[in-house]
Amino acid sequence: MGSQALSTKVSSRVSIGDPGMTRAGTNGCAFRPLLDPTRRAGRKLSLVGFEMGTIKGVPDPGSQHSLGDAFSRIQQRAAEAAARKEKRGEAPPTQRLFLPGLAEFMRAVPNHVARSSLFAPIARGRRKFHHETLLVTRADAVMRYTGEQLDEADADLTLQLIYEAIQFPLGVAVTLNRARLLRAMGRSTGRNDYEWLQRRMKALTVATLFIEARRPDGSVKFRVGHLEAFHIVQSFRYDDASETYCFMMDPRWVQLFSNREFALIDWAKRLEIRRGQDMAKAFQRLIATSSNPVQRYALDWLKDKMQYAGRMRDFREALDRAMRELQRLELIASWGIERSTKGKEQLVMWSGTSG
């Protein structure tokens, strides 16, 4: 695709994105994404793909472990190249993600996102609007967010959109029937559900995120959203006639998934979590970021991460309900509250039979 981009006319009522360069996927869905003022006119967008047998140094395909390591190294090099482009203010090339262990019944989320307060089990009602708010994270990441506070239903939608998008090179338009999208999340297909979906697609597209990952020595591993806005959903268009969404995920999601730093979510069990148990959903995402059989988290950190504004006593009661739900689904075997060596209260969870 050069300076004269292929564009296919789509009848729609909703379009998110600024008028500018038109980008179209091979499925015929046209977009007008945000135009980067630092991008030179006429710059060609390259499509990067990796084919077996064309990659130098790929070991014997019969060795699954070595093949996975090779793809991991390839993704790491691609992430480093994208980081250099981010530093120069250029858009990274489109490429497909390779996520070991991802199957139809699993969903994937980057660890830094899963451990943060970006998605939280907030109460229904008016949402807080953030403006470059510093999110709750671990010490190895800095995240700033602008947009509506996102809840666990938004997390479900994001997980499903990522799952659908990574079957194609990121940055290429994906077409998805809206009813199928809702059913995949265990939701109904009534008018209220369609209206909810439209609102949340807009929210995920308008919101912007900055992420800086750090190494143990404090040096910067990568930055996303520093020079060019990073949106959870880069752009979307709804076609009323076919009742389908065409959407694109930012290619820089590759950086967030690089070096196998992502969590695999048991989707079937997530859909079994009962209504009113959004905190259990948040904990499922958190415990999936670590393979440690015993995980410990300070209660005050958890309260902030969950965006829980009530009293600590009430938070402990909500915590009890969430832990019981995770036990019911065998996502954890047992749990308890103890004091750390510094005398602070912390939650302890022992792993169950699945993640």
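Brief remarks follow.
- Counting Lys and Arg as +1 and Asp and Glu as -1 over every other residue whose Cβ lies under 12 Å from the Cβ of residue 99, the net charge comes to +2.
- Treating each Cα of region 273-355 as one equal point scatterer and applying the Debye formula with no solvent, the log10 of I(q)/I(0) at q = 0.13, 0.22 Å⁻¹ comes out as -0.37, -1.10.
- Length gained when the stretch residue 260-residue 241 is fully extended (0.36 nm per residue, less Cα-Cα span): 2.9 nm
- Computed magnitude of the charge dipole of region 111-203 (debye, nearest 20; Cβ of K, R +1, Cβ of D, E -1): 280 debye
- Cα-Cα pairs of region 186-319 separated by more than 26 Å (percent): 43 percent
- Nonlocal amide H pairs with residue 233, under 5 Å, H built at 1.01 Å: 205
- Efficiency of FRET from Cβ geometry, residue 167 and residue 334, R₀ 45 Å, rounded to 0.05: 0.75
- Gain on full stretching of the segment that runs from residue 321 to residue 292 - 0.36 nm per residue minus C-alpha separation: 8.2 nm
- The packing ranking of peptides 200-212, 269-281, highest mean first, is 200-212, 269-281, where packing means the average number of other beta carbon atoms within 10 angstrom of each residue.
- Taking each of 202/303; 281/303; 128/344; 281/305; 269/344 in turn, the alpha-carbon distance tops 25 angstrom for 202/303; 128/344; 269/344.
- Considering only alpha-carbon pairs that sit under 8 angstrom and 6 or more positions apart, the relative contact order computed for region 273-355 is 36 percent.
Coordinate-derived values only; no laboratory data. None of the values given here were measured: they were computed from a predicted structure. When we count neighbours, we look across all protein chains shown, and the Cβ atoms used for this are built from the backbone with ideal geometry, even at glycine.
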